[in-house]
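The block underneath contains the structure these notes are about, expressed in structure tokens.
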Amino acid sequence: MPNLITALFTASDEQLMWRVKLQDDAEAFASLMRRWQKPIENLCIRMTGDMHRAEDLAQTAFARIFAKRADWQPTGKFSTFLWRVALNLCHDELRRAKRRGECSLDALDEEGDGQPDFIASEGPAPDEQADNRERAELVRNALLKLATHYREVVVLRHYEGLKFHEIGEVLAIPEGTVKSRMAEALTQLNRLLKHLNGDTSCNPKTQTPELLAL
């Protein structure tokens, strides 16, 4: 019964953000951060390929939202607003990295958190884990070779679980455009993966596990 009561009275993201806007409620904002810190960090990792920079970008996203709390309007989901802010920061970071001539993927495998999600202590044997890691690394490399507007739809759809219409809201584009970008992104991933490793592919029709291993 206590769990049910707690669930019934759990504030939504929008309710929490409304309290932040009207009352500068620090605890409400802390609750939003607890809910969304990891998803936003994951988004930034997959967009930039840099785990440590992704942590900074996620913190910047929350700081920016809090700084502009008075301007927030509850016309849509809070998560849509948050995804959009984080993606814009990723775009800015990618442009800066391109000007500096930097290469991504420098930090993904330095720590355990950077390993593929499906590798667990009770999972496959070490040799199979090594094979899984190799495939996941190929996918990460291929994903980061996509143009940003293709990469973001793959990340939002396959790794963050957004529906096509939700992605359209985040990116402020029609749902049909999202679907066409997804189709082209998967086609390019398939071609890139075949180029990197002839026996590894990402079939646009079947959406193979290799894609979900990042």
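Odds and ends about this structure:
- Ranking of Lys68, Lys179 by count of other Cβ atoms within 10 Å, fewest first: Lys68, Lys179
- Less than 5 angstrom separates the built amide H of Asp25 from those of Val20, all sequence-distant by 5 or more or on a different chain.
- For the pair Ala147 and Arg64, label points projected 7 Å from Cα toward Cβ lie 2.2 nm apart.
- Averaging the sequence gap over all C-alpha pairs within less than 8 Å and six or more residues apart, then dividing by the number of residues, gives region 1-96 a relative contact order of 30 percent.
- From least to most packed, judged by other beta carbons within 10 angstrom and beginning with the fewest, Ser12, Ser79 follow the order Ser12, Ser79.
- Region 22-89: C-alpha pair distances exceeding 17 Å, %: 39
- Euclidean distance of C-alpha centroids, region 133-160 and region 16-36, integer Å: 31
- Coupling constants for region 181-193 follow from the phi torsions by the Karplus curve (6.51 cos²θ - 1.76 cosθ + 1.60, θ = phi - 60°), and in residue order they are 5, 4, 4, 5, 4, 5, 4, 5, 4, 4, 5, 5, 5 Hz; glycine and proline get x.
- Shown for Lys21, Lys98, Lys77: other C-beta atoms within 10 Å of each C-beta, ranked fewest to most, produce the order Lys98, Lys77, Lys21.
- Placing R0 at 35 angstrom, the Cβ-Cβ distance between Lys194 and Lys98 gives a FRET efficiency of 0.85 after rounding to 0.05.
The numbers here are math on the coordinates, done by the rules we state, and not lab data. Keep in mind the model is a prediction, meaning the values are calculated, not measured. No Cβ is skipped: glycine too gets one built from the backbone with ideal geometry, and neighbour counts run over all protein chains shown.
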